[in-house]
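Encoded as structure tokens, the structure appears first; notes follow it.
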Amino acid sequence: MTNSTSTLPEWKHLGRLAQSAASVTECTQDAARNDRLTLHAAGIDADLRKQRLSNEALDGLLELARAVSLEDRRDALLRGDHVNTSEDRPAMHTALRTPAGAGLASFEPHVQAALAGMHKLVDKLTTGELRGATNRAITDIVHIGIGGSHLGPELAVRALPGTGRFKIHFVANIDGHAISTALAACDPERTAVIVVSKSFSTLETLRNAEAARAWFLERGFTAMDIARHFFAISANVQEAARFGIPAENVFPMWDWVGGRYSVWSTVGLPIALACGTKVFADMLTGAHQMDRHFAEAPLTENLPVLLALTGIWNSNFLGASNHAVLAYDERLALLPLYLQQLETESNGKSVRLDGQTVDVQTMPILWGGVGTTGQHAYHQLLHQGTRAFSADFIVAAKPDHHLEDHHRWLQANALAQSQAMMIGDEQPQAEKRVPGNHPTTTFVLEQLDAHHLGALLALYEHKVFCQGVIWGINSFDQWGVELGKRLAGPIYQQLGGTAVLNQDASTQHLIGRLRASQTND
Ligand code: F6P
């Protein structure tokens, strides 16, 4: 694609339609349009009727998708072309959930071997065949990883029922409170540490892994003992070995899987440990069903495509600068954080594939939380704030508890909130007025199980890809995170007094302020 997005006639046409866009309520009065915005894929029902989208605008968006050859680009992604152009790699997260016998020859053997190895480890730890250095069975897992090497596993472990066999302590932050709190809750004889880092060079992960190793050493464990307690998931086996983790305890990752797309790989080990290998397999199946839908459904019925297109419509044409993920399920508390990394690290870009600066807005701010608790916090802003936004509601039809009345109230509130965002309230008193007319989508999962969670996460992955194609950007790199990492090194030295550098006035002042507390101690 060489034309910038905004010069496409399809883009300009959408711009004209947006000038006179009907309200959400008006749009919902068109029965034919409503039918087009009610979709089903991989067990997920999606109601996009509360979008501020007319039949005509929907047609225009589909034309835009065709103009950027979305289907060809999707096919290129799925067959393993090097769609991550700046790093010259494929992005083959879909291969991780393709069933044995149905995958591409260049990926499947790696995927299946890694899965088999992971299952073996889970079995051995579960049965007690594999024990700690003092022959005690492992009960606690300290999971050390950050970003894509953390968010997916913790989301799934919190969302899905556990077997109770292992307690997983997730540690991501360099903030020492995280690792010290986790270790304080563990008995070293019964604890295994899983270090998850695709690169095995991430500061937070390495420092936390070192702290965990020191914790064992301080408690009388030798380096050889520790080797029995440490496992790694990494594409950098050499570095893991240098750290002291034996090769047989290192599970592979590959450069063709991006960190934020890696929960389906051996990165999912804590899910298999906490919830069982069957649960992890069900997650893969749910995701694979969504992949099939994405690959096969016509554009007009393709849920990830329509989700992407409505997002483009809302943010690029209706001015929604932020997107709220409102999960009406306590178990999905981490979903907004997970999607924040997935969507914003993927599509928070301003350079196009051809190296030119993008001339349209890309990823809006993504945030969110769980209902109904959010209703007593930030929903005031959603109902009466000044900024345009869009929102996704996620609701499970059936709960996993017996408090039916609670669940009915939860559902009633989810529907009431999306209704309020649509219809608003024309009160005579200005302070009480609610403008409404905010576009929302509601997803209904029959229940929140591994299958539906897998399908839901894959749905968002494909939405991200489609939006990246339309914005003309590479969704699979993340160069923007490097500068901060580079600057932290010298500041760290200066805070420790081992370097004197010329910093800007503010940073210099703050370093001085923090050093003053160190010397006063
Ligand atoms: O700093 C960003 C990032 O590279 C993410 O993309 C990634 O998920 C995270 O850091 C962790 O990286 P790694 O798995 O290599 O430790």
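Observations on the model:
- Selected residue [within 21 Å of residue 260 (Cα to Cα) and either among the β-branched types (Val, Ile, Thr) or modelled with pLDDT of 95 or more (or both)] from 40, 110: 110
- Enumeration of residues in the range 129-159 that are in a loop (DSSP other than H, G, I, E, B) and open to solvent by 10 Å² or more (accessible area, probe 1.4 Å): 129, 130, 133, 134, 135, 136, 139, 146, 150
Okay, residues lined up against (1) at pLDDT 95 or above; (2) more than 30 Å from residue 458 (Cβ to Cβ); (3) within 13 Å of the ligand (Cβ to nearest atom); (4) touching a strand residue (DSSP E or B) at 6+ places or on another chain (Cβ under 6 Å):
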| site | (1), (2), (3), (4) |
| --- | --- |
| 181 | yes, yes, no, no |
| 188 | yes, yes, no, no |
| 193 | yes, no, no, yes |
| 218 | yes, yes, no, no |
| 223 | no, yes, no, no |
| 238 | no, yes, no, no |
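- Restricting 104, 78 to residues that are open to solvent by 20 Å² or more (accessible area, probe 1.4 Å) and modelled with pLDDT under 95 narrows the list to 104.
- Leading residue by the ranking (least open to solvent (accessible area, probe 1.4 Å)) among those in the range 422-443 that are in a strand (DSSP E or B) and out of contact with any Leu (no Cβ under 8 Å at 6 or more places or on another chain): 440
- Tabulated pairs, the range 128-155, first within 20 Å of residue 332 (Cα to Cα) and away from the ligand (no atom under 16 Å from the Cβ), second among the hydroxyl-bearing types (Ser, Thr, Tyr) and open to solvent by 10 Å² or more (accessible area, probe 1.4 Å), C-beta under 8 angstrom, 6+ apart or interchain: none
- Apart from one condition, residue 36 fits all of (1) under 20 Å from residue 296 (Cβ atoms); (2) within 25 Å of the chain's Cα centre (by Cα); (3) of a type in the set (D, E, K, R); the exception is (2).
- Failed item, numbered, when residue 503 is tested on (1) open to solvent by 10 Å² or more (accessible area, probe 1.4 Å); (2) more than 16 Å from the ligand (Cβ to nearest atom); (3) modelled with pLDDT of 95 or more; (4) closer than 30 Å to residue 349 by Cα: (3)
Results for (1) in contact (Cβ under 8 Å) with a residue 40 or more places away in the chain; (2) among the aliphatic types (A, V, I, L, M), shown as yes or no for each residue.
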residue	(1), (2)
405	no, no
410	yes, yes
413	yes, no
439	yes, no
445	yes, yes
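- Which numbered condition residue 263 fails, given (1) within 15 Å of the ligand (Cβ to nearest atom); (2) farther than 30 Å from residue 407 by Cα: (2)
- The one condition in (1) farther than 30 Å from residue 385 by Cα; (2) surrounded by 22 or more Cβ atoms within 10 Å (Cβ to Cβ) that residue 248 fails to fulfil: (2)
- Residue check for residue 197: within 14 Å of the ligand (Cβ to nearest atom), within 22 Å of residue 124 (Cα to Cα) and open to solvent by less than 50 Å² (accessible area, probe 1.4 Å): no
- Within the range 85-106, tally of residues that are in contact with a helix residue (DSSP H, G or I) (Cβ under 9 Å, 6 or more places away or on another chain), of a type outside the set (Val, Ile, Thr) and not in a loop (DSSP other than H, G, I, E, B): 5
- Selection count, the range 329-362, where residues are open to solvent by 20 Å² or more (accessible area, probe 1.4 Å), out of contact with any Phe, Trp or Tyr (no Cβ under 8 Å at 6 or more places or on another chain) and either within 16 Å of the ligand (Cβ to nearest atom) or in a helix (DSSP H, G or I) (or both): 8
- Taken residue by residue, the range 55-66 has at least one member that is touching a Cys at 6+ places or on another chain (Cβ under 9 Å), within 25 Å of residue 351 (Cβ to Cβ) and surrounded by 15 or more Cβ atoms within 10 Å (Cβ to Cβ).
- Here residue 45 does not qualify as without any contact (Cβ under 8 Å) to a residue 24 or more places away in the chain and surrounded by fewer than 18 Cβ atoms within 10 Å (Cβ to Cβ).
- Near pairs, Cβ below 8 angstrom, 6+ apart or cross-chain, from the range 382-403 (assigned by TED's automatic domain parsing to the domain that holds residue 432) to any residue that is among the hydroxyl-bearing types (Ser, Thr, Tyr) and assigned to a loop (DSSP other than H, G, I, E, B): 387/321; 388/321; 389/321
- Residues located in the range 295-328, provided they are in contact (Cβ under 8 Å) with a residue 40 or more places away in the chain, in a loop (DSSP other than H, G, I, E, B) and open to solvent by 20 Å² or more (accessible area, probe 1.4 Å): 318, 319, 321
- Counting only residues that are farther than 20 Å from residue 89 by Cα and free of Cβ contacts under 8 Å to residues at least 24 places away in the same chain, the range 463-502 holds 18 of them.
- Meets criteria (among the small types (Gly, Ala, Ser), open to solvent by less than 30 Å² (accessible area, probe 1.4 Å) and in a strand (DSSP E or B)) for residue 374: no
- Scanning the range 472-488 for residues that are within 10 Å of the ligand (Cβ to nearest atom), open to solvent by less than 70 Å² (accessible area, probe 1.4 Å) and among the small types (Gly, Ala, Ser) returns a single hit, 484.
The values are calculated or read from the model by the stated rules, or taken from the named source; none is laboratory data. The shown structure was predicted, so the numbers you read here are calculated from the model rather than taken from an experiment. When we count neighbours, we look across all protein chains shown, and the Cβ atoms used for this are built from the backbone with ideal geometry, even at glycine. Surface areas here come from the heavy atoms of the whole protein model, side chains and all, with no ligands, DNA or RNA. Shrake-Rupley method; radii C 1.70, N 1.55, O 1.52, S 1.80 Å.
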